[in-house]
Amino acid sequence: MLEIRNGYYGICEINCTFQKNEQPQIIKHEVAEEYIGCGLLITAVLGILKAPPGSYYRKMHPRKVPVERKGRIAPGYCLKADGTKIKDTELEALLLKLYSYNDPYDPRFYLKVLGSKKLSKYLYEQYGIIVNHKKLHKIRKRLGLVRRYEPRCTYPVRRSTEHRIRREGILWEADIKFIRTNLEGNIALLDIIDVYTREIVGSYIGKSCKNEDFISQVKKAILWQESIPKIMRTDNGSQFTVYKHQVVL
């Protein structure tokens, strides 16, 4: 039995007296809402009625269905440095044209190995197109121009610090990288770099790279730079550790 006693400030207290065998099995939330509407504390009323607070809040305050966020509508164009607009269809045609070069001796042939960030910078420098790398990646993915990324182990870079290079033409480094292409398969790219100036002094590309190719590129780099390096740093690849290579150097 519940009794409400009115005092000077209105409702003062609730006296709750339950008989042992007369405790209700189901407490209606409307009863609690009636007492709460009189100004009593929610926790006190729910405690007297022995009603779980969670069920009360779910009943009186049902959870709203979350609205699906659709995000910003794509504008369908990009801006150039001069303020003009270029449509996404024109940008897609430009990307397909850049990816259509199959001549390894054409510098634009290597644009297909660039990521979205570097390609976005290239488009700004060469064509003045301002496009975010995230949007560019979506366009490339829609056109099927994104390469398959394979996980690989990364190792810390360990460089020798015993050589102190103070000018160019002292220390050169050479390495071979294999690039996957759609038409030619895997091609070998050999680069020789000057450590001091970070300039590529020799480059070779072909279906394979043998020790003769490396030796010829070293000779061409020496003629082009008009200087002979004192140190040539490479890894332990078979193209660099053969006897012919050691005799030439």
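The values are calculated or read from the model by the stated rules, or taken from the named source; none is laboratory data. Here the structure is a predicted model, which is why all the values come from computation and not from measurement. For neighbour counting, all protein chains shown are included, and Cβ atoms are generated from backbone atoms with ideal geometry for every residue, glycine included.
Only helices (runs of 4 or more DSSP H) whose full extent lies in region 30-98 are considered here, and the ones with at least 2 residues that are over 30 Å from residue 122 (Cα atoms) and at pLDDT below 80 are 42-49, 53-60. Can you spot a residue in region 223-246 that is part of a strand (DSSP E or B), exposed (fewer than 13 other Cβ atoms within 10 Å of the Cβ) and of a type in the set (Val, Ile, Thr)? No, region 223-246 contains no residue that is part of a strand (DSSP E or B), exposed (fewer than 13 other Cβ atoms within 10 Å of the Cβ) and of a type in the set (Val, Ile, Thr).
Whether any residue in region 75-92 is surrounded by 13 or more Cβ atoms within 10 Å (Cβ to Cβ) and under 28 Å from residue 184 (Cβ atoms) is what I want to check. Checked against the condition, which is being surrounded by 13 or more Cβ atoms within 10 Å (Cβ to Cβ) and under 28 Å from residue 184 (Cβ atoms), region 75-92 yields at least one hit. Inspection of region 116-130 finds no residue satisfying the criterion of being free of Cβ contacts under 8 Å to residues at least 40 places away in the same chain and not in a helix (DSSP H, G or I). Within region 204-232, residues that are under 28 Å from residue 164 (Cβ atoms) and in the same structural domain as residue 184 (by TED's automatic domain parsing) sit with their Cβ atoms under 8 Å from residues that are crowded, with 16+ Cβ neighbours inside 10 Å and among the polar types (S, T, N, Q), at 6+ positions apart or across chains, in these pairs: 214/239.
In region 176-190 there is no residue matching the filter, namely being out of contact with any Cys (no Cβ under 9 Å at 6 or more places or on another chain), within 15 Å of residue 240 (Cα to Cα) and surrounded by 17 or more Cβ atoms within 10 Å (Cβ to Cβ). Considering only residues in region 147-182 that are at pLDDT 65 or above and of a type in the set (Phe, Trp, Tyr), the one that is farthest from residue 201 (Cα to Cα) turns out to be 149. Residue count for region 94-108, restricted to those that are touching a strand residue (DSSP E or B) at 6+ places or on another chain (Cβ under 9 Å) and surrounded by 13 or more Cβ atoms within 10 Å (Cβ to Cβ): 2. If you take the residues in region 99-115 that are in a loop (DSSP other than H, G, I, E, B) and not acidic (Asp, Glu), which one is farthest from the chain's Cα centre (by Cα)? Only one residue fits best here, namely 105.
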